[in-house]
Structures are given as structure tokens and as C-alpha cells.
Amino acid sequence: MLYGIATFGAALYIQQAVSRAAEDGARAAPLLPPLMLQNSQAAAVEQIKGAVRDSLAGSLIVPAAGNVMPAARRSWIASHVTVTVVAAGALVTVTVSYPYSLNRVLPSVPMFDASRWMPNTLTSRATAVLYS
């Protein structure tokens, strides 16, 4: 029972970190006027993705092997976490997907296979309004 509680708590922590990162990306979007302009939208999208990665780098979601230095944390996040930014009209939506099955916080216990009842991917989405 304790294993189940600890596993669920760890997944809940990661889900909260992913949700906060999506919200941080959405909050950064209205601060980037180039997002409204078609020719400079790619740079603004990269800045939003950077805000999401910075938010995730400050949490405890990176495995120990990639958690040595801040640059290594950010590199692990950039290669494993999917960040999608969609700007449609006056709205921008930031979606963050974390591969939980690749980085389970607690090891599997033979009698309690958490992969059966825990999600493979943790996803969160946040939307913000762009002011013109």
C-alpha cells in the first residue's frame, strides 16, 4: 500500500510540474509581440519553449544521470519532453508532454507492476490570449 501511495504521489508531483511549465509558457506568450507577426513567429515560439524548459529544469523530474548540472537538466528536457506551441488568432496554446514511462521515479516492484495502472505520458495544456 505504501508503494502505491508513493508511486501515485511521485506521478502527481510530475504532473503538477508539467502543468506549471505549460502555464509558464502560456504566461510568457503575451509578452512576445512578435508572436502576432507571421515572419518572426518562429523565434517567439522558441522563446516560449525556452520558458517551459526553464520551468521544468527547476523541478525534480530529470533522472539522476541527467541531473548533474543545470545545462544537463535542460538538455535532457529538450530531448525527452515534447513542447508544442500553437498560435491561432488571438489565442496561443502551449502543450507539454512528459514521457513518464521512460522515467518512473520509483523502481518497479515485482508484485506491484506500476506500468499497468500509471500513465505512459503525462500531458498538460494551457491557453493564453494575445493582445494586439
Exercise. In this structure, does ALA44 turn out to be among the hydrophobic types (A, V, I, L, M, F, W, C), surrounded by 15 or more Cβ atoms within 10 Å (Cβ to Cβ), more than 14 Å from SER97 (Cα to Cα) and in contact with a Pro (Cβ under 6 Å, 6 or more places away or on another chain)?
Worked result: yes
For this session: Tell me which residues, restricted to the range 66-83, are at pLDDT below 80 and either β-branched (Val, Ile, Thr) or under 19 Å from SER19 (Cα atoms) (or both).
Result: VAL68
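Condition check ((1) out of contact with any Gly (no Cβ under 6 Å at 6 or more places or on another chain); (2) over 24 Å from GLN47 (Cβ atoms); (3) of a type outside the set (A, V, I, L, M, F, W, C); (4) modelled with pLDDT under 80) across all residues:
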| position | (1), (2), (3), (4) |
| --- | --- |
| LEU91 | yes, no, no, no |
| ASN103 | yes, yes, yes, yes |
| VAL109 | yes, yes, no, yes |
| ASP113 | yes, yes, yes, yes |
| MET118 | yes, yes, no, yes |
| THR121 | yes, yes, yes, no |
| SER124 | yes, no, yes, no |
| VAL129 | yes, no, no, no |
Exercise. Of all the residues that make up the range 1-59, how many are among the hydroxyl-bearing types (Ser, Thr, Tyr) and modelled with pLDDT under 90?
Worked result: 4
Problem set entry | Residue within the range 31-41 that is under 16 Å from the mean Cα position of the chain (by Cα) and not aromatic (Phe, Trp, Tyr) present | no
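The values are calculated or read from the model by the stated rules, or taken from the named source; none is laboratory data. From a predicted model like this one, the values you see are computed outputs, not experimental measurements. Cβ atoms come from the backbone with ideal geometry, glycine included; neighbour counts cover every protein chain shown.
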